Amino acid sequence: MCWFAKTCSTMCSSILLAIFPSAVAVTHAPPVTNFVDFAASELGDIKCGPEQDYESLMDAHLIHYTSDEKYDKFDGYDLVKDYAKRPRDMASSDEKPKTVRCVGEDKEEGTWHVQRIGPFRSTGGNDWWQFAWLDMFGFDGSLGNEYQILGAEESYGMTGHWTGPITSDGKPIPLPPLHIHHIHLTQGAGLSWSSDFLDCSIDGKNCPDGGMIYAHHGDKQKLDKDDPRLLGLHAFGEDYGQGWAKKLYEPISCTGEINDLRPAGSPEIEWWYQSAVRIVRGKKNKDVAPLSMHYLYNPFEIGINTQFSRFGCYRVHPSHDTVHVYTGRMPYGGELIHPDAHMHMSAAQQMYLFSGSPEDLGLGALAFDYTWVPLNTVEALRAMGLTPAASEPAGGANNQKIVDVLSRSVSEGRAYQVCHAKANRVKLDGRSWDRASSLECNPWSFESGTQYTSVAFNGNPDLPDMRDAPGIYYNAISQLTRPSSIPKEFTFTQHAHWFLTYASTDQYSKYTWALGSQDPDAITPIVSKADLYRLLVWGTPRHGPTFFDTFVLFPLLNLALALLKLFHPTFTWFSPWPLRTAFWLIVALFVAMLAAFYAFLWAIRNPTVNLAVNRLSLNTIGKRISLGADLPDKTHYPIGLEIMSYLSLAATCIAVFAAAVTIIVPGDIYLVSDFGQELIQEAGEELNWSTGKPSGRYGVNASFVLVALPMILGLGAVAFWCLRNTIRAEVARRRLSERIHAAMAFKSLRDLIGAIEEEDEEMEESIECAPMLSSKDV
């Protein structure tokens, strides 16, 4: 999903690379198949409505970025002028894209519903066309009663889909020239600007949702030796097989990005984006079995100032052998029906998915300093007590020694190999392009809590160092909390993702996602708000929530997001982060605390205020408030006491507010659709989770009260001590000042008296010394 998914090296010498054989024999063929010729044989006769403005779609946004660099910095042109959540300084465009809604014939296997947006006119340059809208196909009534399904029925089933760019006359467009960076269909707002992380954190609704109904990426197009340029387009669509359906309970949203990868200034082409789903309703929907999908993400850290850094990538050395391992637990039980792998083929070699732990696979000796940073395979082999096969770049020779260890562990029955994906790429027009991996899988039945492990191998000797590639430089909070995490030579951004479509064990389809780590219980089996909080601050965590996370970090972030929701309500996870707003909120908070503290100092220093307080005290409690009557005559003013008083008062107030917000907001929030959250809560104790198990509670609970209350009381005691001693010191200082003034006045009086006495003495001396006058003189 990053820049390297679409920018492949021209130095790749072979037309086709299929690296390494499978570790074990494969006996299972998934029933899901690709459409042979979707447009001609599957869609049939369709009826289309009139063209409408794209802006008329529900919460639609459409942005064009003319290059990778501009995309990374959110520097694009908004084609929906009134879109409320766009960056404030983003320019708008006069282009007016349209949308067309079509319906196919009602057949036994279902009815095709089609939606197109466009036309787009592009001239290459690695540009980006970013789009998203809610209530795709209008199943919730946003396009009128004609297309509405929800309301009349509780659910509907999807038995197949097709998605991709097309020409104006409906023909699919391959890669090259157009690259599907990603197309995600989700229930709810998904991972788009329409999702609201603030609403999610504070109200538990409209959460960013990485659980997909289906997902297509640049490595989806199949490899075909006979015609590598065009064939493989049938992979843009999937038939889920007779008797299966992905059941849906909420409106569908679409999030997508498509690139024109031709050189900048190429001849203009006109194209549309088309999505189609085959839907069954009523009895047909009840007669099909539900399919679910669980999306496994590799560990990563998330940036706050660039767009590329939001895509869940980790970085590898482009040409040297590296190995990366993550593990986790399945949230629900089921049986694997159709898996899929996603990686960037330019540097990828192969990827494995196992049922079992890293220790079961013989990888227990591997120590990852950071969950999202792979190991140089030379170092990994030495940690395992093995000798490297070759110096780097090894072209997979060193990785093969670890593959041999995995194969031996599987053959000895310590672990079970679920899937093996081999990287494929093809050379056309002097460039190397991604193609779908060669995927071989075995049957797999699993339960809630079953541990899985993913092992990914990378390194292509033909790739340059790529240190000037866009998207690899960004700022992240985790770079402050865990600095110097990624080696500078690791410049290729990569994915190690798995899409696991499985048969549910109940009557519901579930669309969930998980974040891997090196500890299976470090992350909730379905990504939660607490996981995302820790991801933001620490990067993907290595262990479960700590005391600091639970009782300090979570309440503080709850408070911060509640303030952002109040002052910057348009913030979303994938839009530019409101760093300026956050900065001024922090400044305003501490300035307000400082002003309150100095008002307190002014009050205790002002005799008039003291008299007013005493009168109020006499009227309310019948006695005066004594301000330091028991103080000694000499009290030293403690150094920094005012600073201590201010900081302790501010810390106490922040702790009180943070605890109050944490008690009010929901405690168990999972980043899935609203219906998905209901299913998690209903499953409750049946889920075999060690971390993040739902408890059906809000933020308040016995452990939180038992810990947070003493913490607040302790901070309050410190603040009370500081303020009390500030009052005592102020009274002592005032007394000392009065004594000094009295002493100075007494000294002045004494000096005055002394001066008068001296004048009297001088006068007497002058009289005594004066000559006697005769009476005659007088």
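When both residues are 6+ apart or on different chains and their Cβ atoms are under 9 Å apart, which pairs have a first residue that lies in segment 737-753 and is at positive phi and at pLDDT below 70, and a second that is assigned to a helix (DSSP H, G or I) and of a type outside the set (Asp, Glu)?
Here the result reads none, with nothing in segment 737-753 linked to a residue that is assigned to a helix (DSSP H, G or I) and of a type outside the set (Asp, Glu).
Could you check LEU515 against (1) modelled with pLDDT under 90; (2) within 23 Å of the chain's Cα centre (by Cα); (3) closer than 22 Å to TYR370 by Cβ and say which number it fails?
Evaluating LEU515 over (1) modelled with pLDDT under 90; (2) within 23 Å of the chain's Cα centre (by Cα); (3) closer than 22 Å to TYR370 by Cβ leaves (1) as the failure.
Would you mind stating whether LEU535 is modelled with pLDDT under 90 and not acidic (Asp, Glu)? Break it down into steps so the answer makes sense when it comes.
On the way: modelled with pLDDT under 90: no; not acidic (Asp, Glu): yes.
For LEU535, the condition - modelled with pLDDT under 90 and not acidic (Asp, Glu) - is not met.
In segment 86-115, what residues are over 29 Å from the mean Cα position of the chain (by Cα), surrounded by 15 or more Cβ atoms within 10 Å (Cβ to Cβ) and among the basic types (Lys, Arg)?
Result: LYS98, ARG101.
Restricting to segment 657-683, name every residue that is in contact with a helix residue (DSSP H, G or I) (Cβ under 6 Å, 6 or more places away or on another chain) and closer than 11 Å to SER528 by Cβ. Before you say what the answer is, go through the steps one by one.
To start, the set of residues in segment 657-683 that are in contact with a helix residue (DSSP H, G or I) (Cβ under 6 Å, 6 or more places away or on another chain) comprises 657-659, 661-662, 665, 669-670.
ILE669, TYR670 - these are the residues of segment 657-683 that are in contact with a helix residue (DSSP H, G or I) (Cβ under 6 Å, 6 or more places away or on another chain) and closer than 11 Å to SER528 by Cβ.
When you go through (1) open to solvent by 20 Å² or more (accessible area, probe 1.4 Å); (2) at pLDDT 85 or above one by one for GLY76, which number turns out not to apply?
The single condition GLY76 does not satisfy is (1).
Is it true that ILE252 is closer than 29 Å to ALA423 by Cβ, modelled with pLDDT of 90 or more and among the β-branched types (Val, Ile, Thr)? Give the derivation first.
On the way: closer than 29 Å to ALA423 by Cβ: no; modelled with pLDDT of 90 or more: yes; among the β-branched types (Val, Ile, Thr): yes.
In short, no.
Residues that are of a type outside the set (D, E, K, R) and open to solvent by 20 Å² or more (accessible area, probe 1.4 Å): which strands (runs of 3 or more DSSP E) entirely in segment 305-376 hold 1 or more of them? Outline the logic, then answer.
Numbers: elements: 314-316, 322-329, 334-342, 348-355.
It comes to 334-342, 348-355.
Looking at segment 378-461, what strands (runs of 3 or more DSSP E) fall wholly within it and have at least 1 residues that are open to solvent by 20 Å² or more (accessible area, probe 1.4 Å), touching a residue at least 60 places away in the same chain (Cβ under 8 Å) and among the hydroxyl-bearing types (Ser, Thr, Tyr)? Quick ask: steps written out before the conclusion?
Working: elements: 416-428, 431-441, 451-458.
Result: 416-428, 431-441.
Test ASP224 against the criterion of being modelled with pLDDT of 80 or more and of a type in the set (D, E, K, R), and give yes or no.
Details: modelled with pLDDT of 80 or more: no; of a type in the set (D, E, K, R): yes.
So ASP224 does not fit the description; no.
Could you count how many residues in segment 177-206 are farther than 18 Å from TRP272 by Cβ and at pLDDT 85 or above? Please lay out each step first, then the result.
Let us first name the residues in segment 177-206 that are farther than 18 Å from TRP272 by Cβ, namely 184, 186-206.
Going one step further and asking which of them are at pLDDT 85 or above, we end up with 184, 186-187.
Residues meeting the conditions: 3.
Within segment 159-181, can you find the residues that are surrounded by fewer than 23 Cβ atoms within 10 Å (Cβ to Cβ) and on the phi > 0 side of the Ramachandran plot?
Correct list: GLY170 only.
Can you find, within segment 662-721, the residue that is modelled with the highest pLDDT among those that are open to solvent by 60 Å² or more (accessible area, probe 1.4 Å) and in a loop (DSSP other than H, G, I, E, B)?
ASN688
Have a look at ALA588, ALA595, ALA603 and point out the one that is farther than 30 Å from TYR474 by Cα and modelled with pLDDT of 75 or more.
Numbers: ALA588 fails: farther than 30 Å from TYR474 by Cα; ALA603 fails: modelled with pLDDT of 75 or more.
When all the criteria are applied, what remains is ALA595.
Residue check: is MET330 touching an Asp or Glu at 6+ places or on another chain (Cβ under 9 Å) and modelled with pLDDT of 95 or more?
Answer is yes for this residue.
Against the conditions (1) at pLDDT below 70; (2) open to solvent by less than 70 Å² (accessible area, probe 1.4 Å); (3) assigned to a helix (DSSP H, G or I), where does ARG733 fall short? Just the number, please.
Single failed check for ARG733: (2).
Mind checking whether some residue in segment 552-570 is at pLDDT below 85, open to solvent by 20 Å² or more (accessible area, probe 1.4 Å), of a type outside the set (A, V, I, L, M) and in a helix (DSSP H, G or I)?
Checking segment 552-570: at least one residue is at pLDDT below 85, open to solvent by 20 Å² or more (accessible area, probe 1.4 Å), of a type outside the set (A, V, I, L, M) and in a helix (DSSP H, G or I).
Does segment 505-515 contain any residue that is crowded, with 24+ Cβ neighbours inside 10 Å and closer than 27 Å to MET466 by Cβ?
Looking for residues that are crowded, with 24+ Cβ neighbours inside 10 Å and closer than 27 Å to MET466 by Cβ, one finds at least one in segment 505-515, hence yes.
Quick test for you: out of GLY118, GLY151, GLY125, GLY141, pick the one residue that is within 31 Å of the chain's Cα centre (by Cα), over 28 Å from PRO331 (Cα atoms) and without any contact (Cβ under 8 Å) to a residue 12 or more places away in the chain. I'd like the intermediate steps shown before the answer.
Values: GLY118 fails: without any contact (Cβ under 8 Å) to a residue 12 or more places away in the chain; GLY151 fails: within 31 Å of the chain's Cα centre (by Cα); GLY125 fails: without any contact (Cβ under 8 Å) to a residue 12 or more places away in the chain.
Criteria check complete, one pass: GLY141.
Just give me the residues in segment 476-493 being in a loop (DSSP other than H, G, I, E, B), open to solvent by 40 Å² or more (accessible area, probe 1.4 Å) and touching a helix residue (DSSP H, G or I) at 6+ places or on another chain (Cβ under 8 Å), in sequence order.
Passing the criteria: ILE477, ARG482.
The values are calculated or read from the model by the stated rules, or taken from the named source; none is laboratory data. Note that the structure is a prediction, hence the values are computed from the model and not measured. Ideal geometry is used to build each Cβ from the backbone, glycine not excepted, and the neighbour counts take in all protein chains shown. In case anyone asks, the SASA skips ligands and DNA or RNA and just uses the protein heavy atoms, side chains included. Shrake-Rupley method; radii C 1.70, N 1.55, O 1.52, S 1.80 Å.
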